[in-house]
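Values in this text are rule-based calculations from the coordinates and carry no lab data. Quantities reported herein were computed from a predicted structural model and do not represent experimental measurements. With ideal geometry, Cβ positions are generated from the backbone for all residues, glycine too; neighbour counts draw on all protein chains shown.
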Amino acid sequence: MVGKILLTGRPGVGKTTLLIETIRELEGRGLKVGGMVSQEVRSGSVRVGFEIIDLVSLQKGWLAHVEQPVGPQIGKYRVNLKDLVEIGVSAINRAATDSTISVIAIDELGPMELSSQEFKAAVEKAIEVGKPLIGTIHYKARSTLIDRIRSRPDVRILEVTPDKRSYVKTTILNELLQA
């Protein structure tokens, strides 16, 4: 069975950091990882948005920003559907179909990303292909898609907490390398 692991946990616990560390470790072992990650962007000490990054091309764009003029509003941010589709969805679709990419990474399955139908379709495609997948899932995320993913026998959800970080990383690497 191909390993598909999703990390969850409270905001700020380090899910994305752990995901990026794991990606680097996999790449250090000769595996090519494709897909997308998102990272917060700050202006001084204030978070102003989230950047989206294609892991292969390294193309960047805005997932959401406090000054984004249009798009679905999630809290104080508006989602940039154009960049999400052009960068994030394209990166996921490429990772699912490119035979040189060994592992798919998706950060994150959360309210901002799930506001895009194209994103949801790309995630479903990535889950269905026969490749290992690692991603993050917002701890409160709920949708029909999330419920279907959570109920799949080939998906394992690991909770990240400060005291379990090392254990979770070791578990991820062992499972993905076996897959």
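I'm trying to understand the selection: among the residues of region 52-65, which are surrounded by 14 or more Cβ atoms within 10 Å (Cβ to Cβ) and not in a strand (DSSP E or B)?
Listed by number, the residues that qualify are Leu55, Val56, Gln59.
Checking the conditions here, which among Gly49, Gly34 is closer than 16 Å to Ala126 by Cβ, outside any loop (DSSP other than H, G, I, E, B) and in contact with a strand residue (DSSP E or B) (Cβ under 7 Å, 6 or more places away or on another chain)?
After ruling out the rest, the residue left standing is Gly34.
Here are some residues: Gln117, Gln68. Which one is touching a Lys or Arg at 6+ places or on another chain (Cβ under 7 Å), free of Cβ contacts under 8 Å to residues at least 40 places away in the same chain and over 28 Å from Thr171 (Cα atoms)?
Numbers: Gln117 fails: touching a Lys or Arg at 6+ places or on another chain (Cβ under 7 Å).
On inspection, the qualifying residue turns out to be Gln68.
Could you tell me which numbered condition Gly12 fails, if it satisfies all but one of (1) closer than 24 Å to Tyr139 by Cβ; (2) touching a residue at least 12 places away in the same chain (Cβ under 8 Å); (3) of a type outside the set (Asp, Glu); (4) part of a loop (DSSP other than H, G, I, E, B)?
(2)
I need the full set of residues from region 146-161 which are hydroxyl-bearing (Ser, Thr, Tyr) and free of Cβ contacts under 8 Å to residues at least 40 places away in the same chain, in order please.
Ser151
For region 17-56, how many residues are closer than 26 Å to Pro153 by Cβ and among the hydroxyl-bearing types (Ser, Thr, Tyr)?
1
Evaluate the following for Gln39: is it under 16 Å from the mean Cα position of the chain (by Cα), under 24 Å from Ala141 (Cα atoms) and surrounded by fewer than 22 Cβ atoms within 10 Å (Cβ to Cβ)?
Values: under 16 Å from the mean Cα position of the chain (by Cα): yes; under 24 Å from Ala141 (Cα atoms): yes; surrounded by fewer than 22 Cβ atoms within 10 Å (Cβ to Cβ): yes.
For Gln39, the condition - under 16 Å from the mean Cα position of the chain (by Cα), under 24 Å from Ala141 (Cα atoms) and surrounded by fewer than 22 Cβ atoms within 10 Å (Cβ to Cβ) - is met.
Tell me whether region 55-62 contains one or more residues that are closer than 18 Å to Val103 by Cα and without any contact (Cβ under 8 Å) to a residue 12 or more places away in the chain.
Yes, there is a match, as at least one residue in region 55-62 is closer than 18 Å to Val103 by Cα and without any contact (Cβ under 8 Å) to a residue 12 or more places away in the chain.
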